Amino acid sequence: MLIDMCGYLGHWPFRKINNNDVESFVKVMDDYKINLSVVSSLNAVFYKDTMQGNEEIAEEIKPYSDRLVAFCVINPAYPAWEKDFRTCIEKLGMKGLMMYPYYHPYRLTEANAIRLANLAGEAGIPVHIPVSIINVRQRHWLDTTEILNTSDFIALIKNAPNTDFIVSNGATDAIAAAAKDADSKRKGKVYYDFQRVEVFLPSFERLLATVGPEQIVLGTGNPLQYLDTQFVKLHYMDVSDEVKDLITYKNAARLLKLA
Amino acid sequence: MQSFADKLKIFKENKVVNWHEHVWADAKGNLNVADADRLVEGAKKAGFDVLVCSLPVTRGNPAPEMCKRYNDLVYEAMNRYPGIIQGMCYVNPGYAKEAVKEIDRCINELGMIGVKLYNQYYLSDPAVHSVIEKCIELDIPILEHAGKMHPRSEDQPFISDGTHFAMAAEKFPEALFIYAHIGGGGDYHWSLKAIADYPNIFLDISGSIYDEDIIEETVRKIGVERVMFGTDGSFSSSMGKLLGCKLSEAEKIAILNNKTMERYLERGMKRC
């Protein structure tokens, strides 16, 4: 059983992307024996009104409701964001929230961002904040130069104590170490993926030692990145089968409240 | 459908030459033996046969004595793992006379197989000419740290991108240049377009970036014959991008042990 917590559908403005329509995406999942993927809309990140992207993806994934789970993208610096959030969760059936403080004009320390994260906690859904969508070195000259600010993130988790968070596609071993103390005092928990954490170096060991196996999830970045890199790590990581099960699906199933 | 364990066999069943790795100095300036041991242990587990290693100074403008000291550490690693670690000689081209002398020592006395340049000068800078000419004379490749950043890298103002390689390749068609870590050097589309028409520029696929299509785009632009396997500290990413790309098995095997580069390697092997 495999659950991928980090997938995207839609267009990426800065280079050509393959397999970013729903049919091709599911075909790739089949190739890699991924049972379920969380997806969110790349279009929503770049549209002024993120709801246009959220509505698109909700419609697109309908034929694959047994394979795909959608997270909504909400910009708390845009009018009617709270109404949009509720619509996504209550009407469109979305199971999580994506926040992009480096693409949208707000900081995680601002009141609306804190309120949004708390609303997610009240709704019992996780907030996923990628460190970046693509590594900043590869950026197009019009793309953002910013990534997730760790201090702001730690402030946010303190201000949203009941909310579960997912951090992906970055130096999650270092972020986990920095956030450990704050996270230990919360009811909600922070989960980390290992897209950019190496198993042949001590970084994965550090992540595992810092948060334990119950707060690590699989994220691939499909279709922006080759999936095989995560499978190399799963093959070579020095953990028991029980721990691997937690990482590859059990933690994700718990977060997504799957039966 | 092939299982993932079966997919990984390509590394075990074929010769794998990793053209971009490093050993490092510890806080006291000695070879960091623990890191080197871990590197070799990991390589054995992953199925790599050869690690071509260097020890560059990554910031500042090092004096010749420091380059020499670091090359001695690489030599120590070569002797610690004979047949597995091959050495690249790192020099600062700004000290032209000393750099040429050091290349001579590393190649002819220590048995290294090429030259590593970092970000002290653009590859196209006339300051690098003496080093390039020495490499042509000795018939050895030049592996240059590379990348194209938007905006320009503030902490690496003289990092070479594809356009600098193209200028050097144009001026020195007899030289063989290796563009380092296409998966770690920023805007790879930029550099691939810049180097595409220069048959004396090869590249390694190392680096932590594994954008879907990076390998296919590389091969489309420069051909599989000019592509070499490397990791530069990122085993999983580099293995994953080779496994995940849509090349044929034969093309992947060709990257794992680039035939053009074999003769350089053989010279190093004779030393063992």
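Report the trypsin sites (Lys or Arg not before Pro) located in the stretch A:154-252 that are in a DSSP loop and have at most 10 other Cβ atoms inside 10 Å of their Cβ, or state none.
On the way: sites: A:LYS158, A:LYS180, A:LYS185, A:ARG186, A:LYS187, A:LYS189, A:ARG196, A:ARG206, A:LYS233, A:LYS244, A:LYS250; in loops: A:LYS185, A:ARG186, A:LYS187, A:LYS189, A:ARG196.
Listed in order of number, the matching sites are A:LYS185, A:LYS187.
Solvent-accessible surface of protein heavy atoms, probed at 1.4 angstrom with all chains present, puts B:LEU256, B:LEU39 in the order B:LEU39, B:LEU256, largest first. Exposed loop positions in chain B were taken to be trypsin sites (Lys or Arg not before Pro) whose DSSP state is not H, G, I, E or B and which have at most 14 other beta-carbon atoms within 10 angstrom. Between these positions, the longest stretch is B:153-245. Pairs from the list B:LYS7/B:LYS45; A:LYS48/A:LYS189; A:LYS250/B:LYS7 with a Cα-Cα gap above 19 Å: A:LYS48/A:LYS189; A:LYS250/B:LYS7. How much accessible surface area, in Å² rounded to 10, belongs to the heavy atoms of A:ASP245 with a 1.4 Å probe? My reading of the accessible area for A:ASP245 is about 50 Å².
Quick one: order B:TRP19, A:TRP141, B:TRP190 from most to least accessible surface, probe 1.4 Å. Kindly include the intermediate steps, with their values, before the conclusion.
Working: B:TRP19 5, A:TRP141 155, B:TRP190 95 Å².
The most accessible residue leads, giving A:TRP141, B:TRP190, B:TRP19.
With a 1.4 Å probe and all protein chains kept in place, how do B:ILE103, A:ILE114 rank by accessible area, largest first?
Highest to lowest solvent-accessible surface, that is A:ILE114, B:ILE103.
In this structure, A:SER65 and B:LYS15 have a Cβ-Cβ separation that, at R0 = 60 Å, corresponds to a calculated FRET efficiency of about 0.80.
Mind checking which lysines have their C-alpha under 19 Å from B:LYS97, skipping anything on the same chain fewer than 8 residues away? Once the sequence-local lysines are set aside, what remains near B:LYS97 is B:LYS68, B:LYS116, B:LYS134. Estimated at the nearest 10 Å², the accessible area of A:THR145 is 90 Å² with a 1.4 Å probe. Accessible surface of B:GLU212, taken over heavy atoms with a 1.4 Å probe and every protein chain present, rounds to 10 Å². Measuring from each cysteine beta-carbon in chain A, the ones with no other cysteine beta-carbon under 4.7 angstrom are A:CYS6. A 1.4 Å probe run over the protein chains yields, for the protein assembly as shown, 39 Å² of accessible area per residue, whole-number rounding. For trypsin sites (Lys or Arg not before Pro), the sites in the stretch A:1-102 that DSSP calls loop and that have at most 12 other Cβ atoms within 10 Å are A:LYS16, A:LYS33, A:LYS48. With a Förster radius of 56 Å applied to the C-beta separation of B:LYS28 and A:GLU23, the computed FRET efficiency comes to 0.45.
The values are calculated or read from the model by the stated rules, or taken from the named source; none is laboratory data. What you see is a predicted model, and the numbers here were worked out from it, not measured in a lab. Heads up, the Cβs are rebuilt from the backbone with ideal geometry, glycines too, and the neighbour counts pull from every protein chain shown. SASA here: full protein model, heavy atoms, side chains in, ligands and nucleic acids out. Shrake-Rupley method; radii C 1.70, N 1.55, O 1.52, S 1.80 Å.
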